[in-house]
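The values are calculated or read from the model by the stated rules, or taken from the named source; none is laboratory data. Note that this is a predicted model, so its numbers are computed, not measured. Positions of Cβ are backbone-derived with ideal geometry, glycine not excepted, and every protein chain shown enters the neighbour counts. What goes into the accessible areas is simple: the full protein's heavy atoms, side chains included, and nothing from ligands, DNA or RNA. Shrake-Rupley method; radii C 1.70, N 1.55, O 1.52, S 1.80 Å.
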Amino acid sequence: MNGQYYANLLAQAREAVVQKRRGKLSRGVLFLQDNASVHTARVSRQALKDTGFSEIDHAPYSPDLAPSDYFLFSNLKKELRGRRFVDDNQMKMAVESHFDCKEKEYFLGGMKALYTRCEKCISLEGDYIEK
């Protein structure tokens with residue numbers, strides 16, 4: 001993945017918000033990403049600005065504070081464990097199906113967990129590891 005590819009994904013994400021969450025863009029979209037080089041590339045920064053999303057500051061990488069690590073992908077891995085896929089398209093469909101059937105409360109739970117984890121990290125002055 002490079003900056004241009006990520007910039008295209010951001011544009012697709014914006015379009016998905018416009019199509020699936022009418023009115024949400026005007027009320028504001030909070031966007032969380034880590035500081036991976038693909039996210040900080042000039043083309044990516046400009047693309048994020050162009051979406052109109054508001055970026056939430058993220059501490060340097062910590063799996064304890066990365067929703068993709070502690071929430072999204074861990075649950076996805078549990079569901080897909082042991083399954084075999086004929087090709088990439090079949091796997092992509094399984095991943096999309098996993099997320100498409102989730103209610104908004106599922107994702108809200110992941111964001112609430114982030115808030116709790118951040119509070120804990122702050123109270124422990126950064127010395128935080130979730131086990």
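Within the stretch 32-125, the GluC sites (Glu not before Pro) that combine a DSSP coil assignment with at most 10 other C-beta atoms in a 10 angstrom radius are Glu103, Glu125. Taking chymotrypsin sites (Phe, Trp or Tyr not before Pro) as exposed when DSSP calls them loop and at most 14 other C-beta atoms lie within 10 angstrom, the chain has its longest site-free stretch at 1-60. Estimated purely from DSSP H runs of n ≥ 4, each contributing -39500 (n - 2.57), the mean residue ellipticity at 222 nm for the chain is -18000 deg cm²/dmol once divided by its residues. Cross-link pairs exceeding 29 Å between alpha carbons, from the set Lys24/Lys92; Lys77/Lys120; Lys24/Lys102; Lys20/Lys77; Lys20/Lys120: Lys20/Lys120.
Taking label points 7 Å from Cα along the Cα-to-Cβ direction, Asp69 and Glu105 give a separation of 2.9 nm. Using 0.36 nm per residue and subtracting the Cα-Cα separation, the extra length available between Leu124 and Arg22 on full extension is 32.7 nm. The simple Förster model, with R0 at 22 Å and r as the Cβ-Cβ distance, assigns Asp34 and Asn2 a FRET efficiency of 0.85. Under conditions of 10 °C and 1.306 mPa s, the stretch 59-130 yields 115 µm² s⁻¹ as its translational diffusion coefficient, taking Rh as the Kirkwood radius over Cα pairs in the Stokes-Einstein equation.
Going by accessible surface with a 1.4 Å probe and the largest first, Ile56, Ile122 read Ile122, Ile56.
Considering only Leu32, Leu72, Leu108, the mean-square fluctuation computed in a Gaussian network model of the chain, springs between alpha carbons under 10 angstrom, is largest for Leu108.
With a ≥ b ≥ c taken as the square roots of the eigenvalues of the C-alpha gyration tensor of the chain, please select rounded if a/c is under 1.5 and otherwise prolate if a/b is larger than b/c or oblate if it is not? Judged from the Cα gyration tensor, the chain comes out rounded (a/c under 1.5). Cβ-Cβ distance of Glu15 and Phe85, R₀ of 25 Å, FRET efficiency by 1/(1 + (r/R0)^6): the value works out to about 0.40. Solvent-accessible surface (1.4 Å probe) assigned to His58 amounts to roughly 50 Å². Cross-link partners for Lys49 among the aspartates and glutamates, with Cα-Cα distance under 18 Å and sequence neighbours closer than 8 places in the same chain left out: Glu15, Asp34, Asp57.
Taking 7 Å steps out from each Cα toward its Cβ at Tyr115 and Asp50 produces label points 3.3 nm apart. Computed over the chain with a Gaussian network model linking Cα atoms closer than 10 Å, the most mobile of Gln33, Gln46, Gln90 is Gln90. Computed extension gain for Lys92 through Lys78, at 0.36 nm per residue and net of the alpha carbon distance, reaches 3.5 nm.
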